[in-house]
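The block underneath contains the structure these notes are about, expressed in structure tokens.
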Amino acid sequence: MSAPNIATKSDPVPSSQNRASHAQSGPIRRFLNATELDTRMLGMIAALALVWVGFHIFSGGVFITPRNLWNLSVQTSSTAVMATGMVLIIVTRNIDLSVGSVLGVLGMIMGVMQAEILPQFIGFGSPLMWILSLAIGLAAGAAIGALHGVIIAYLRVPAFIVTLGGYLAWRGAAWWVTTGRTVAPMDQAFALMGGGTYGAIGSTASWVVAAFVCAVIVWGLYSGRKQRRRFNFPLRPIWAEVTLGVLACAATLAAVWVANSYEWPSRVAARYAQANNIPIPEGGLFIAHGIAVPVLIMLGVAVLMTFISMRTRFGRYVFAMGGNPEAAELAGINTRRVTVMIFTIMGMLCAVSGAITTARLNAATNAAGTYDEMFVIAAAVIGGTSFNGGVGTVAGAVLGALVMQSLKSGMVLMGVDTPLQNIVVGIVLVVAVWLDTLYRQRAK
Amino acid sequence: MLEKATPLVELQHIKLAFGGIHAVDDVSIDLYPGEVVGIVGHNGAGKSCLIKVLSGAYQRDEGKILIEGKEATINNPRDAKAYGIETIYQTLAVADNVDAAANLFLGRELKTGWGTLDDVAMEAETRKIMGRLNPNFERFKTPVVALSGGQRQSVAIARAIYFNARILIMDEPTAALGPQETQQVGELIRQLKADGIGIFLISHDIHDVFDLSDRVAVMKNGRMVGTARTEDVTKDEVLGMIILGKCPPAAVPGPGAIVDA
């Protein structure tokens, strides 16, 4: 038993990420071990597939259609963006109850900026309008988040209390911005952030995005393998690498294909054709939506947040603090500063979600984001973020948001009443966390 | 002799109180390069509090810390690490949900040219040092919470010695270990001592202390009963110091000693 690190390299079990401690030799187990896929994540995807198929059958075949899936992706993005930040907060054993209210006040600020204040200086329809509005929203979000963080970290008020106060205060502040008046419409470029017929990038650009993502996947697998070989670490078998690459690329292409199968409404397409002197072919003009802008924003945020949580010092500290705050402190981590940074990021993500929500409504209302905190927390928790701290992934939270939204929108399609919808979502949340607890106990 | 040189560390008249309770009361102790000083005493005698002052986890109320004769400013664990003081805590203080490499480099991560974490390099370094410390260790990708007590211990020790510590504080390093692992820790201490590292060894296992220490310091109720060279005193005499606070003739009495009539 001496120095076995090299001897065991061909055996993938000890190095495998999934926590199954006993190697069973079934083909599924072998596949999971070789690809090092997270079984928990796979379980979630399976659950999502089940939900989709179930709704598809019970709604009479309208759930798994390009149109519904496209709308689903747009509806998910606002919650998913905030859920990526909520992961970091819950991982460090904090909570943020104020995100919906912060979204509301930031949406109002951005709305008033572009509809009333900025036009005085740069004029209506200025190309700078959406950038400035968003920048101001992000700055205000960062300030609000930092304020929460400072009170939590330095004044030692529990996050639950600080953000409960924020929940009330910022909702009031949202009303105060215009004393309750709804601001509309938004700047045209800004409104693209909300999706809609024009707020999508079209089929060609969508395929370009898909090709880029596939290239990144392949490059990531290749460079990961090269790194591991450089340091003589255990390598995945080639067939596993190829399978992973093919699966990931196929999923990407399939998603884009769905987005590209959803055509513009025929009247909008006809108007567009008229305006641009395009002859309308027989059977109508097919113009694809492609990926919606808010979905692109959400994907960008998810990639960025994954990068921050996995590849930076800050991310490492977040997870270390969550697992054992005392150990992190003793290791010399400035835990207070990290806490302030986490809440600052959360505030900025609220601004992004606020922009998406406001743009989608094409109006800023002081009620925007009501109950969002509940859905955001639920998305993070369904996505595997543990309230005991230290555990959670950004990808899981995005998937969790998708599950929540699928349930909501599926029940709407089936004509379920709102009160019953809430009952179902509540039960699903509790059951999901219970199943997760069972899974973790077994995994130990 | 050792006593002629400048001590590596001198703690002078350290006081630490929580509310009205004096956890550490006017304690002075020193440590020379290549020396192991055992600190013994009952639970609650103030051993852990004393060393937490040195490691920066607690801030002292009074007293001075000198490192190589110069007064040192230690207000938090980062300061202590900057002086080359590394600590292995009784509770191990490992971050449970990240792997061995992440723990080893916690707070001092290696970075790539892009400023991102260089996990591969960190794992490579971890494999190197763990290969020396605990050749049986192979669960490099597992969160340390899933490791055995001995494996967690070796992670904590690896973290303490990897960064060229000059002063090592070990708080009950063998409490969680089986006999074979305890022996490994003993060998490690001798090896580090030979490298000229000064070690404070906190333990309430008096056999460990006699096996490994050059000097023994006894604390009782937050006060220093006395210090003695291990070879000059018997285990019974040290037990007398621990239980009764009675200082044998071969020991240097401290402020906490009961003066014999």
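Before moving on, here are some points about what is shown:
- When A:Thr358 is tested against the conditions (1) touching a residue at least 24 places away in the same chain (Cβ under 8 Å); (2) farther than 24 Å from A:Val177 by Cα; (3) of a type in the set (S, T, N, Q), the lone failure is (2).
- Condition met for B:Ala257 (small (Gly, Ala, Ser) and over 27 Å from B:Leu16 (Cα atoms)): no
- Filtering the range B:174-225 to residues that are of a type in the set (Phe, Trp, Tyr) and at pLDDT below 90 leaves only B:Phe210.
- Test result for A:Val177, modelled with pLDDT under 95 and closer than 30 Å to A:Ile89 by Cα: yes
- Selection status of A:Val412, more than 20 Å from the chain's Cα centre (by Cα) and of a type in the set (Val, Ile, Thr): yes
- Of all residues making up the range B:44-59, the number that are over 15 Å from the mean Cα position of the chain (by Cα) and buried (at least 23 other Cβ atoms within 10 Å of the Cβ): 1
- Sub-7 Å Cβ pairs linking a first residue in the range A:119-140 that is assigned by TED's automatic domain parsing to the domain that holds A:Met186 to a second residue that is of a type in the set (Phe, Trp, Tyr), at least 6 apart or interchain, are A:Met129/A:Phe190; A:Trp130/A:Phe190; A:Ser133/A:Phe190, ordered by first then second residue.
- When the range B:141-153 is limited to residues that are touching a residue at least 40 places away in the same chain (Cβ under 8 Å) and within 8 Å of another protein chain (Cβ to nearest Cβ), the one that is nearest to B:Thr182 (Cα to Cα) turns out to be B:Val145.
Residue by residue, here is whether (1) in a helix (DSSP H, G or I); (2) more than 24 Å from the chain's Cα centre (by Cα) holds:
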site: A:Leu138; (1), (2): yes, no
site: A:Ile144; (1), (2): yes, no
site: A:Gly149; (1), (2): yes, no
site: A:Tyr167; (1), (2): yes, no
site: A:Pro185; (1), (2): no, yes
site: A:Tyr198; (1), (2): no, no
site: A:Thr204; (1), (2): yes, yes
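- Taken as a whole, the structure leaves A:Ile28 outside the set of residues that are surrounded by 14 or more Cβ atoms within 10 Å (Cβ to Cβ), among the β-branched types (Val, Ile, Thr) and either modelled with pLDDT under 90 or part of a loop (DSSP other than H, G, I, E, B) (or both).
- Hits in the range B:62-81 (condition: free of Cβ contacts under 8 Å to residues at least 40 places away in the same chain and more than 13 Å from chain A (Cβ to nearest Cβ)): B:Lys70, B:Glu71, B:Ala72, B:Thr73
- The single condition among (1) of a type outside the set (Lys, Arg); (2) more than 14 Å from chain B (Cβ to nearest Cβ); (3) in contact (Cβ under 8 Å) with a residue 24 or more places away in the chain that A:Phe233 does not meet is (2).
- Listed here are the helices (runs of 4 or more DSSP H) enclosed by the range A:301-379 that have at least 1 residues being of a type in the set (Phe, Trp, Tyr): A:313-323, A:335-361.
- Which numbered condition A:Asn277 fails, given (1) in contact with a Lys or Arg (Cβ under 6 Å, 6 or more places away or on another chain); (2) of a type outside the set (Asp, Glu); (3) more than 12 Å from chain B (Cβ to nearest Cβ): (1)
- Some residue of the range A:282-290 being without any contact (Cβ under 8 Å) to a residue 60 or more places away in the chain, of a type in the set (D, E, K, R), within 14 Å of chain B (Cβ to nearest Cβ) and over 30 Å from A:Leu155 (Cβ atoms): no
- Scanning the range B:10-34 for residues that are in contact with a helix residue (DSSP H, G or I) (Cβ under 7 Å, 6 or more places away or on another chain) and among the hydrophobic types (A, V, I, L, M, F, W, C) gives B:Leu11, B:Ile14, B:Leu16, B:Ala23, B:Val24, B:Val27.
- Subset tally (residues that are on the phi > 0 side of the Ramachandran plot and either within 22 Å of the chain's Cα centre (by Cα) or more than 9 Å from chain A (Cβ to nearest Cβ) (or both)) for the range B:82-140: 4
- Picking from residues in the range A:310-347 that are surrounded by fewer than 21 Cβ atoms within 10 Å (Cβ to Cβ) and among the basic types (Lys, Arg), the one that is nearest to B:Arg108 (Cα to Cα) is A:Arg313.
- Residue within the range A:294-306 that is within 11 Å of chain B (Cβ to nearest Cβ) and either in contact with a helix residue (DSSP H, G or I) (Cβ under 6 Å, 6 or more places away or on another chain) or farther than 21 Å from A:Ala215 by Cα (or both) present: no
- The range A:46-84 - residue that is outside any helix (DSSP H, G or I) and of a type in the set (Val, Ile, Thr) and, of those, nearest to A:Val398 (Cα to Cα): A:Ile64
- Number of the condition not met by B:Ala101 [criteria: (1) among the small types (Gly, Ala, Ser); (2) closer than 20 Å to A:Pro234 by Cα; (3) at pLDDT below 90]: (3)
- Considering residues of the range B:39-72 that are of a type in the set (Ser, Thr, Tyr) and part of a loop (DSSP other than H, G, I, E, B) only, the residue nearest to B:Leu16 (Cα to Cα): B:Tyr58
- Residues satisfying the stated conditions in the range A:348-392, i.e. among the hydroxyl-bearing types (Ser, Thr, Tyr), under 30 Å from A:Tyr439 (Cα atoms) and buried (at least 24 other Cβ atoms within 10 Å of the Cβ): A:Thr385
Yes/no matrix, rows are residues, columns are (1) within 14 Å of chain B (Cβ to nearest Cβ); (2) within 17 Å of the chain's Cα centre (by Cα); (3) hydrophobic (A, V, I, L, M, F, W, C):
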site: A:Ala331; (1), (2), (3): yes, no, yes
site: A:Thr344; (1), (2), (3): no, no, no
site: A:Ile356; (1), (2), (3): no, yes, yes
site: A:Ala359; (1), (2), (3): no, no, yes
site: A:Ala363; (1), (2), (3): no, no, yes
site: A:Asn366; (1), (2), (3): no, no, no
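- A:Gly165 under 15 Å from A:Ile109 (Cβ atoms), in the same structural domain as A:Gly123 (by TED's automatic domain parsing) and surrounded by fewer than 17 Cβ atoms within 10 Å (Cβ to Cβ): no
- Matching helices (runs of 4 or more DSSP H) fully within the range B:172-261 where at least 2 residues are small (Gly, Ala, Ser): B:179-194
- Filter pass, A:Ser78 being of a type outside the set (Lys, Arg), in contact with a helix residue (DSSP H, G or I) (Cβ under 9 Å, 6 or more places away or on another chain), closer than 22 Å to A:Val177 by Cβ and surrounded by fewer than 17 Cβ atoms within 10 Å (Cβ to Cβ): no
- When the residues of the range A:294-309 are filtered to those that are among the hydrophobic types (A, V, I, L, M, F, W, C) and over 19 Å from A:Ile89 (Cβ atoms), the one that is surrounded by the most Cβ atoms within 10 Å (Cβ to Cβ) is A:Val295.
The values are calculated or read from the model by the stated rules, or taken from the named source; none is laboratory data. From a predicted model like this one, the values you see are computed outputs, not experimental measurements. All Cβ positions, even for glycine, are placed from backbone atoms using ideal geometry, and neighbour counts span all protein chains on display.
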